[in-house]
Amino acid sequence: MPASKTACRIFAALTGGLRVDEEQEQQGLDISDHDEKGYSM
């Protein structure tokens, strides 16, 4: 377990965090991260 926490902290430090901002979450991660639509309704 300590190795997992350490790995997550290193990853978060290198990438700017583990969470996306609220605007990206509302827009949808498929569009904001991948510029693709996962489904159409």
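Quick notes on this structure:
- G28, sole failed condition from (1) on the phi < 0 side of the Ramachandran plot; (2) surrounded by 11 or more Cβ atoms within 10 Å (Cβ to Cβ); (3) within 12 Å of the chain's Cα centre (by Cα): (1)
- Scanning the stretch 18-41 for residues that are of a type in the set (V, I, T) and farther than 25 Å from S4 by Cα turns up just one, I31.
- S4 over 13 Å from the mean Cα position of the chain (by Cα), surrounded by fewer than 11 Cβ atoms within 10 Å (Cβ to Cβ), modelled with pLDDT under 80 and not charged (D, E, K, R): no
The values are calculated or read from the model by the stated rules, or taken from the named source; none is laboratory data. Remember, predicted model here, so these are calculated numbers, not experimental data. Glycine also receives a Cβ, built like all others from the backbone with ideal geometry; neighbour counts cover every protein chain displayed.
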